[in-house]
Every structure is written in structure tokens, then in C-alpha cells.
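S.K.: Take this structure, written in C-alpha cells, and hold onto it; I'll ask about it next.
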Amino acid sequence: MSTAVKTWNAQDLLAAMAHAWPEPVSAETARLLLAHGQIQRLKTGEVMIHQGEVPHGIIIMLEGLAAVTGVNAAGREFILSLIGPGEGYGFVPCYTETPDTTSVVAHEAMAALVVPIDTWRKISDIQPDLKDGIIAVMCRRMRWMTDNLEFRSMAPAIATLAHRLYRYAEQMEPDAFAQQATGAHIEVKLSQSALASMLSLSRQRTHQLLHTLEKEGAVSLSYGRIVVRNLAVLRQFMDTTDAH
């Protein structure tokens, strides 16, 4: 039995982009992006962009999750981040026309709007709100990147882990995050191994720290699952200066 494929319109795209774009674009801009882009659907594990190639266009996620991955000097692949509905990808390599330093892989079944870079530039010339939107997105990402670097270099491991989970909630569940929910249920679609590689920690150490967070009610753990339960407690762990 086949599953109906969603037909996207401008209002749907704007709704998806609402939490991911601090500066919203107009309905006309959304209409033009849909009219001149192509929706691509990938199964889990399929690659949208290979590291080392120049992307053919800007990506806006519509459904599902994609993993942004890299390969270290030893040839081991690791997850840098996840991108979900509404989030854009490919701004820097597309504007600079340089090879991408990461890959984009479907973390689960996904759909994304891909707008050719020349078309994107033409639309942004006639719709200045698109340029403003990109600037706002990139500024927020720079802030997040700076925060991540500061936590990884200066904070104890437990604070770094809490920070990563806290930002995951902000990115993936903006409504619960906005409420600073103390009774949240935000499933983290990352394995403990993936979390460990993102934080440059061993899997054993990450497992220990997650159990510390679980004892304090910040998260709950079960086989293969991490669920954020209390954002306020995560915030407290982010502020800690004691090593655990």
C-alpha cells in the first residue's frame, strides 16, 4: 500500500521554516523557491551531498532528518550535526563555489527542497528578504558554533553534554524549548556513539555522564533511546564548573 506524497505550497514551506529562520521570508519568496526548486526524497542512509564535491544548490529540509557528517584523519566518519525541517544547508560552498567539507546523509527518510544556486541568487536579487534571512541564519549558527567551542574547550564534560542536548531541544523541538519544559518528552535521534563522537568523548564516558543526567531527572534512558525530560535541569548542568 503506497503512502501519499505531500504536496508543498508556500504556506507549508513558511511553517516549516518558522523556527529555523530567525528572520522570516515572505510568502512570495517561498512561492518562488518552490516554483524553481526540486523536491528530493531520500531513504535512510542515502547521500545527498558527498564531501569534496561542490553542491549544485541550496537545500531546505522539508521532512525527516539529515546528518551532516565528516571524516577524520584516521578515515572514521562522525556526525557533526543534524538538520531538520525548515533548516537550510549549503550557503557557504554554494556562494563560494568551493568543495563542501562535509557530507549530507539521510538520518531517516527525508525530503528536501533543492534550489539551484544560480536560481537562488536571482530570487535573492528580486526578493531582498531572502538575503536578510540567510544573514540571520548564519549569524545564529556562528553563535551556536562559538558556544559549542567554548563549552568543549573550557567547560567540564558534563556541562558540554548538557549543552549539546539543550541545543538539540532548541533546534528540534522549539515549542517545548520556548516553554523551558520541566515535563518534556524530546527524543534525541542520536545514538550514544554519535553523541560521543560529536563531543570528542569515549562512548563509555558519554554513557556514564548520561546516567548522571538521568539520576537528576534531566533525561531518561532505555535501549537505544535518549529522551530529554527536564530542560531546567540541563540548564543547571550547563552552568556547573565541577568535573564529573
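S.K.: If you scan the range 140-159, which residues turn out to be in contact (Cβ under 8 Å) with a residue 40 or more places away in the chain and out of contact with any Pro (no Cβ under 6 Å at 6 or more places or on another chain)?
M.R.: If the condition is that a residue be in contact (Cβ under 8 Å) with a residue 40 or more places away in the chain and out of contact with any Pro (no Cβ under 6 Å at 6 or more places or on another chain), then 151, 152, 155, 156, 157, 158, 159 are the ones that fit.
S.K.: Assess whether residue 192 counts as being in contact (Cβ under 8 Å) with a residue 12 or more places away in the chain and of a type in the set (S, T, N, Q).
M.R.: yes
S.K.: Quickly run through the range 18-58 and pick out the residues that are touching a Pro at 6+ places or on another chain (Cβ under 8 Å) and modelled with pLDDT of 95 or more.
M.R.: Scanning the range 18-58 gives 36, 37.
S.K.: Are any residues in the range 133-190 at pLDDT below 90, in contact with a Ser or Thr (Cβ under 6 Å, 6 or more places away or on another chain) and buried (at least 20 other Cβ atoms within 10 Å of the Cβ), and if so, which ones?
M.R.: 151
S.K.: Scan the range 199-244 residue by residue and report those that are in a loop (DSSP other than H, G, I, E, B), in contact with a helix residue (DSSP H, G or I) (Cβ under 6 Å, 6 or more places away or on another chain) and β-branched (Val, Ile, Thr).
M.R.: If the condition is that a residue be in a loop (DSSP other than H, G, I, E, B), in contact with a helix residue (DSSP H, G or I) (Cβ under 6 Å, 6 or more places away or on another chain) and β-branched (Val, Ile, Thr), then 240 is the only one that fits.
S.K.: If the Cβ limit is 6 Å and pairs must be 6+ apart or interchain, which residue in the range 112-139 that is more than 14 Å from residue 32 (Cβ to Cβ) pairs with which residue that is outside any loop (DSSP other than H, G, I, E, B) and open to solvent by 20 Å² or more (accessible area, probe 1.4 Å)?
M.R.: 112/40; 114/38; 114/40
S.K.: Kindly indicate whether residue 19 is touching a residue at least 60 places away in the same chain (Cβ under 8 Å), closer than 30 Å to residue 196 by Cβ and either open to solvent by 60 Å² or more (accessible area, probe 1.4 Å) or touching a His at 6+ places or on another chain (Cβ under 6 Å) (or both).
M.R.: The answer is yes for residue 19.
S.K.: Here's something else I'd like to know. Of the residues 47, 54, 25, only one is in contact (Cβ under 8 Å) with a residue 40 or more places away in the chain, surrounded by 19 or more Cβ atoms within 10 Å (Cβ to Cβ) and more than 15 Å from the chain's Cα centre (by Cα); which?
M.R.: On the way: 47 fails: surrounded by 19 or more Cβ atoms within 10 Å (Cβ to Cβ); 54 fails: surrounded by 19 or more Cβ atoms within 10 Å (Cβ to Cβ).
Among 47, 54, 25, only 25 is in contact (Cβ under 8 Å) with a residue 40 or more places away in the chain, surrounded by 19 or more Cβ atoms within 10 Å (Cβ to Cβ) and more than 15 Å from the chain's Cα centre (by Cα).
S.K.: Would you check if residue 220 is in contact with a strand residue (DSSP E or B) (Cβ under 7 Å, 6 or more places away or on another chain), free of Cβ contacts under 8 Å to residues at least 12 places away in the same chain and either basic (Lys, Arg) or farther than 21 Å from residue 16 by Cβ (or both)?
M.R.: Working: in contact with a strand residue (DSSP E or B) (Cβ under 7 Å, 6 or more places away or on another chain): yes; free of Cβ contacts under 8 Å to residues at least 12 places away in the same chain: yes; either basic (Lys, Arg) or farther than 21 Å from residue 16 by Cβ (or both): yes.
Yes, satisfied.
S.K.: Something else: Evaluate the following for residue 195: is it at pLDDT 90 or above, crowded, with 19+ Cβ neighbours inside 10 Å and in a helix (DSSP H, G or I)?
M.R.: Against the criterion (at pLDDT 90 or above, crowded, with 19+ Cβ neighbours inside 10 Å and in a helix (DSSP H, G or I)), residue 195 does not qualify.
S.K.: Oh, and also: Restricting to the range 59-103, and then to whatever is at pLDDT below 90 and acidic (Asp, Glu), can you tell me which residue is surrounded by the most Cβ atoms within 10 Å (Cβ to Cβ)?
M.R.: Per the criteria, the residue is 100.
S.K.: Here is a follow-up. Among the residues of the range 91-106, which ones are in a loop (DSSP other than H, G, I, E, B) and over 22 Å from residue 190 (Cβ atoms)?
M.R.: Selection gives 97, 98, 99.
The values are calculated or read from the model by the stated rules, or taken from the named source; none is laboratory data. Keep in mind it's a predicted model, so treat the numbers as computed, not measured. With ideal geometry, Cβ positions are generated from the backbone for all residues, glycine too; neighbour counts draw on all protein chains shown. Surface areas here come from the heavy atoms of the whole protein model, side chains and all, with no ligands, DNA or RNA. Shrake-Rupley method; radii C 1.70, N 1.55, O 1.52, S 1.80 Å.
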